[in-house]
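One structure below.
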Amino acid sequence: MPSLLSSTNWFVQQTHWTKKIIYTQTGWPTNANVWQPNSPNAVASVESATAFYNLLDGACEQLKGITPQGGVGWFWHIWEDAMLDGWGLLDWNSNPKWNFAPRTGC
């Protein structure tokens, strides 16, 4: 979490606290079929994707309070694996990989 917040704060500083920040094309792969990890600590798995989602969703209050313009918003980029193998919320059979139910307010 400290890395996420320090990186976010850098972007907020660049806008002089006048803009809302939106993380776009957010996601985490559940397999390495498209791209290989760039670090041995980056594991492509459902567990890692779930942890990444929980990190963002669990930081709602902190992310929303970063700027007076509403803080930071985010969205998951790929709906299903048929769009980009391993990156979807749904697998190839349209089954959810985990319970994706992000908060819409905090």
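A few remarks follow.
- With Cα atoms as the point set, the range 1-40 shows a radius of gyration and Dmax of 14.1, 40 Å.
- Accessible surface, 1.4 Å probe, highest first, among residues L63, L5: L5, L63
- Sulfur and carbon atoms: percent of accessible area, the chain [1.4 Å]: 56 percent
- Per residue, the chain exposes 62 Å² of solvent-accessible protein surface, assessed with a 1.4 angstrom probe and all protein chains in place.
- Candidate aspartates and glutamates for bridging to K19, where Cα separation is under 20 Å - those fewer than 8 sequence places away on the same chain excluded: E61
- With coordinates expressed along the principal axes, the C-alpha atoms belonging to the chain extend over 43, 30, 20 Å, beginning with the largest.
- When shorter helices are ignored and each DSSP H run of at least 4 residues is given -39500 (n - 2.57), the per-residue value for the chain at 222 nm works out to -8500 deg cm²/dmol.
- Percentage relative contact order, the range 1-98, counting C-alpha pairs under 8 Å, at least six apart: 32 percent
- Virtual spin-label span in nm between V34 and T18, 7 Å along Cα→Cβ: 3.5 nm
The values are calculated or read from the model by the stated rules, or taken from the named source; none is laboratory data. Everything numeric in this text was worked out from a predicted model, so none of it was measured. Neighbour counts run over all protein chains shown; Cβ positions are idealised from the backbone, glycine included. Note: accessible area is taken over every heavy atom of the protein model, side chains too, but ligands, DNA and RNA are not part of it. Shrake-Rupley method; radii C 1.70, N 1.55, O 1.52, S 1.80 Å.
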